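> Here it is, the structure in full.
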Amino acid sequence: MRVLIALTYYRPHYSGLTIYAERLARALAGRGHQVTVLTSRYDKSLPDRERFDGVKVVRLEVGMRVSKGVIMPSILFWAWKLARQADVVLLHLPQLDAAYLALAARLLGKPVVLTYHCDLRLPEGLIHYAANQVSHLANHISARLANLIVTNTRDYAENSTFLKHYLHKVRPIYPPAEVQVVTEAERAAFREKACIQAGQRIIGMAARLATEKGVEYLAEALPRVMEKHPSARVLFVGQYENVFGEGQYARQLAPLIESLGEHWTFLGTLSLAEISAFFHECEVTVLPSLNSTESFGMVQVESMLCGTPVVASDLPGVRQPVMISGMGRLVPVADTQALTEAIISILDHPERFQGDPASIAERFSPESVAAAYEEIFEVLHNQRKLEGDG
């Protein structure tokens, strides 16, 4: 089957959405489908055409940027051309161009599937407000035109201010999660890079340094954790400098982080092997997210695949990995005391939070996720054929 996937950012851009899209595209290609990704050439150093992992990538020039979105003047031409060639169109939302892409596909008689990742909340400001309204409108138009909407969990859909209007179209599919197998030598190299000393109690967080991630609550909890475990130390993996729209947040957080000294280390963006080593070296990882911009948190599953339990906010969707695996604790949103107690409970009794990484790997593998999408695509494709024959 010929599958057109459209999203604003793709590899090598790094975010939960792009990681999801890349893993799914690669797995669909591995199952024999012809996969084309239509995305932005957000960095002029990137080629406009590329093929890797069996996936064809078409990048369009960016005319201008609107908040976190982009305007691509040639999208009108390429959306129509590539949708005409496809059997099914898969749109990853939020996306400014989603409405036109969905409309073009439906005018061409092609099935449209949306993957709705999260509710969009942009920083304050006139431009951000306008972008948020345009994206919100595009999402609603796309949802009305779509044949089906995929989201990570029914839990999130029922609590989303957007998705609750389209529950009759929603099909929950867990997101694709995987970690690279690492050798002891690679883990040793990571320990050296992170300056991990014997006896340190390593607490991990993998995220962008962004307001909605709730980083300050982990920073506030750490001194209290250190009262019980003096060698406790946080390793923060992910972009922490020059995060778009988060400059003020980073400046506000800086004094608190600096006060923690050697007990808090920013490691930045890591390679796949280093990320896997990171999860293996942690005793617990933390996802203290604050709102519905976090719909699941694939890093939780990646941590669990390495045998490492998680403390996560009790948010719709975000709470599901801990609930289905038993590998961790859930805490109320923005509750430093509860976060502290949950981290200490896992450090004190890690044996109580051991799950079954093998079963988790099977449930969340990109191949399993691709198979679920494939089933949807085949049903919609066959329905279209029957309607055409009729």
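The values are calculated or read from the model by the stated rules, or taken from the named source; none is laboratory data. Predicted model, so just to flag it, every value in this text is computed and none were measured. Every residue, glycine as well, gets a Cβ built from its backbone with ideal geometry; the counts of neighbours run over all protein chains shown.
Residues are listed down the side, and each one gets a yes or a no for (1) at negative phi; (2) among the aliphatic types (A, V, I, L, M); (3) part of a loop (DSSP other than H, G, I, E, B):
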position	(1), (2), (3)
ALA185	yes, yes, no
ARG191	yes, no, no
GLN252	yes, no, no
LEU270	yes, yes, yes
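> Go through region 1-22 residue by residue and tally those that are out of contact with any strand residue (DSSP E or B) (no Cβ under 6 Å at 6 or more places or on another chain), part of a loop (DSSP other than H, G, I, E, B) and more than 19 Å from SER45 (Cβ to Cβ).
Residues meeting the conditions: 1.
> Pick from ALA334, ALA312: which is outside the structural domain of ALA21 (by TED's automatic domain parsing), in contact with a Pro (Cβ under 9 Å, 6 or more places away or on another chain) and more than 30 Å from LEU272 (Cβ to Cβ)?
ALA334
> Further question on the same structure: Can you name the residue in region 1-27 that is of a type outside the set (Phe, Trp, Tyr) and in contact with a Gly (Cβ under 9 Å, 6 or more places away or on another chain) and is also surrounded by the fewest Cβ atoms within 10 Å (Cβ to Cβ) among such residues?
MET1
> Just name the residue that is nearest to the chain's Cα centre (by Cα) out of those in region 269-288 that are at pLDDT below 95 and of a type outside the set (A, V, I, L, M, F, W, C).
Result: THR269.
> Let me ask you something else. Looking at (1) in a loop (DSSP other than H, G, I, E, B); (2) surrounded by 19 or more Cβ atoms within 10 Å (Cβ to Cβ); (3) among the polar types (S, T, N, Q), find the lone condition where SER45 falls short.
Unmet for SER45, out of (1) in a loop (DSSP other than H, G, I, E, B); (2) surrounded by 19 or more Cβ atoms within 10 Å (Cβ to Cβ); (3) among the polar types (S, T, N, Q): (2).
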